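Below is one structure; the comments refer to it alone.
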Amino acid sequence: MFLIPLVLIFSIVFAIYWGSMRWLKVSTHILYFDDLPEHLEGLRILHISDLHSNDKERANPDIWRHVDGLDFDIAAITGDIILGQAWNHSGPILELEPQRLYLEALAARVPTFFVEGNHEAHHYRQMLQFMDEVGIAFLRNEVVILEVNGGPFEIIGTKDFSNLRRAGFDDFYELFDDVSDNFQLVLTHQPQLFDRFKDSGANLTLAGHTHGGQLRLPFFPTIYAPNQGLWPRYGAGLYRHGDAVMHVSRGIGTTYFPIRFWNRPEIAVIELRSGSGQR
């Protein structure tokens, strides 16, 4: 008598679990900025975060067939490509190897930028060498100005919060000292850093780290995020502070707790438009 309801409940829970682990969501956001330069109108940015690859032989999970079918002009990877199984040695990071060909193809297709996550924070030299080999710009408290349609597009990439907290924030704050007339994109891993520069004039920030809480409940906001605790200020999705906007990705993989629930893995395409639009 009770077997059928139990089987039904188990089937529903398993379907939610399977979808949360494997059913990739491609989020599309059109963001409007009053002072967007004409040369950036319609620019599309691919945002990837928290792949957390932990397989030394294959690209797991596989997002790249979905990426191949998307239209975008720039790609940003906001940290934690790896899970960090190689932390105890100084040689090559083996979890990166299955991603090599895909990352090379991405970098050959569009300008691609990477900032470190907390799982890469102690692997600067290895990550720098790998990113150089695949053609991806690794920004670590650095500013670059990319030419897009004949005009400037300023990209600021930060160190991970764990490294900033250990070494100090002086170099970080210097990134935002100079007032720029350029449209500014900030790439950072941990979104709580937004509070330290959201009044600087930076226009758009891309972040990750939270995994959207990894375990979610329907109709509830993010329950927990690392380094923010319960009911975090920045869990997933879009956040605004005046004219500044931040997108926090739910990410793709998992940490050492290998379960996502009610929380599909996500990559995002963000399109820039001028005007007030639908804010």
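Residues that are on the phi > 0 side of the Ramachandran plot and either small (Gly, Ala, Ser) or free of Cβ contacts under 8 Å to residues at least 60 places away in the same chain (or both) were ranked within segment 143-169; the one that is surrounded by the most Cβ atoms within 10 Å (Cβ to Cβ) is Gly168. Taken over segment 84-129, residues that are modelled with pLDDT of 90 or more, among the small types (Gly, Ala, Ser) and open to solvent by 40 Å² or more (accessible area, probe 1.4 Å) amount to 2. Listed here are the helices (runs of 4 or more DSSP H) enclosed by segment 53-157 that have at least 3 residues being in contact with a helix residue (DSSP H, G or I) (Cβ under 7 Å, 6 or more places away or on another chain): 100-109. Kindly indicate the residue of segment 202-220 that is open to solvent by 20 Å² or more (accessible area, probe 1.4 Å) and touching a residue at least 40 places away in the same chain (Cβ under 8 Å) and also nearest to Gly157 (Cα to Cα) among those meeting that condition. So the residue we want is Asn203.
The set of residues in segment 248-279 being of a type in the set (D, E, K, R) and assigned to a strand (DSSP E or B) consists of Glu266, Glu271, Arg273.
So which residues in segment 130-142 are open to solvent by less than 40 Å² (accessible area, probe 1.4 Å) and more than 10 Å from Phe113 (Cβ to Cβ)?
If the condition is that a residue be open to solvent by less than 40 Å² (accessible area, probe 1.4 Å) and more than 10 Å from Phe113 (Cβ to Cβ), then Phe130, Val134, Asn141 are the ones that fit.
Closer than 19 Å to Arg273 by Cβ, open to solvent by less than 10 Å² (accessible area, probe 1.4 Å) and aliphatic (A, V, I, L, M), is that true of Leu36? Spelling it out, it is not the case that Leu36 is closer than 19 Å to Arg273 by Cβ, open to solvent by less than 10 Å² (accessible area, probe 1.4 Å) and aliphatic (A, V, I, L, M). Give the residues of segment 229-247 that are part of a strand (DSSP E or B) and modelled with pLDDT under 95, sorted by residue number. Gly229, Leu230, listed by residue number. Screening Ile259, Ile223 for residues that are β-branched (Val, Ile, Thr), open to solvent by less than 70 Å² (accessible area, probe 1.4 Å) and either in contact with a Pro (Cβ under 9 Å, 6 or more places away or on another chain) or closer than 23 Å to Leu187 by Cα (or both) leaves exactly one candidate, Ile223. Of note, Glu174 does not satisfy the criterion of being more than 22 Å from Thr205 (Cα to Cα), surrounded by fewer than 22 Cβ atoms within 10 Å (Cβ to Cβ) and modelled with pLDDT under 95. You will find that of Ile63, Ile48, Ile81, the residue that is open to solvent by less than 70 Å² (accessible area, probe 1.4 Å), among the β-branched types (Val, Ile, Thr) and without any contact (Cβ under 8 Å) to a residue 60 or more places away in the chain is Ile81 and no other.
Return the residues of segment 4-40 that are of a type outside the set (A, V, I, L, M, F, W, C), under 19 Å from Ala244 (Cα atoms) and within 22 Å of the chain's Cα centre (by Cα); say none if nothing qualifies. Residues satisfying the conditions are Thr28, His29, Tyr32.
Could you tell me whether segment 248-256 includes any residue that is open to solvent by 30 Å² or more (accessible area, probe 1.4 Å), under 20 Å from Leu46 (Cβ atoms), touching a helix residue (DSSP H, G or I) at 6+ places or on another chain (Cβ under 8 Å) and not acidic (Asp, Glu)? Yes, that holds for at least one residue. Looking across segment 106-127, just one residue is of a type in the set (A, V, I, L, M) and closer than 19 Å to Lys56 by Cα, and that is Met127.
The values are calculated or read from the model by the stated rules, or taken from the named source; none is laboratory data. Since the model is a prediction, treat every value here as computed from it, not as a measurement. Reconstructed Cβ throughout: ideal geometry from the backbone, glycine too, with neighbour counts over all protein chains shown. Heavy atoms of the whole protein, side chains included, go into the accessibility calculation; ligands, DNA and RNA do not. Shrake-Rupley method; radii C 1.70, N 1.55, O 1.52, S 1.80 Å.
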